[in-house]
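Quick note: the coordinates plus some simple rules give every number you see, no bench work behind them. Remember, predicted model here, so these are calculated numbers, not experimental data. Don't worry about glycine lacking a Cβ; one is built from the backbone with ideal geometry, like all the others, and counts go over all protein chains shown.
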Amino acid sequence: MAIRRGWRPHRAAAALRAAAHIPPPRPTAVAHTRNGRTETHPRYGRGKGFAGAFNGHLEKWYRQQGIVRIEVHANIDVGGYTWATQGFQFEDQESAVEILDRLRFVVSVFTDRIQSMRDAAQTAAADRARTLRDQARKLEAQIAEAEDILDRADQSRFGDDDYPTSWEISQCGRSHDIGVSDRPWIGKASMLGSDWYGVKWL
């Protein structure tokens, strides 16, 4: 069979479809990708903006390749928190419930912590007592924000506009952070060490 110079198979197929009145094939799936495991050394990358910068470049490349959806398995110590801050939403209801249950548990932990702070403040020196009471008030404010999120989750369904997002949970209580490095705000504490599946549409 002789093939003339410049012949393109896809153009020939289009011509045949047109002649036979056959509609072009429709896509059967959305182009997507699943991000694998990414780790950075604490000394060189963690907490210094590497994840945000790297993922920004990666997402730009994904768009160029026609990828419209990214999936992640958010786990590995800080991963559950980090992916939430990068715009990934819960892929399914099971993931959302997992994080909301963790938030409920941390609320109870913080409630006990508040009582311990107030008890300690009664016998502490003046400056220390003032600090403990101030921290207790901030924790109360964090709990109030968390309870609002939990109430909305109970009153709505997964996928509704009012249903809490992963980003919202991750930032819950941040504005009332007590400023102690090993005691993060209630939302971050709930997501650190968590295990959930996320999705981000480009």
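Summary table
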| quantity | calculated |
| --- | --- |
| Neighbour cut-off at most 15 other Cβ (10 Å), DSSP loop, trypsin sites (Lys or Arg not before Pro), the stretch 130-163 | Arg157 |
| Computed over the stretch 29-201: relative contact order in percent, which uses C-alpha pairs under 8 Å that are six or more apart | 36 percent |
| Phi to ³J(HN,Hα) by Karplus 6.51 cos²θ - 1.76 cosθ + 1.60 over the stretch 141-156, Hz, x for Gly, Pro | 5, 5, 4, 4, 5, 5, 5, 5, 5, 5, 5, 5, 5, 6, 9, 9 |
| Amide H contacts under 5 Å for Ala74, placed H, 5+ residues apart | Trp196, Tyr197, Gly198 |
| DSSP beta bridge pairing in the stretch 29-201, given as percent antiparallel to the nearest 5 | 75 percent |
| For the stretch 57-202, projected area of the alpha-carbon convex hull averaged over all directions, nm² | 9.6 nm² |
| Distant-in-sequence amide H partners of Gly87 (H built 1.01 Å from N, under 5 Å) | none |
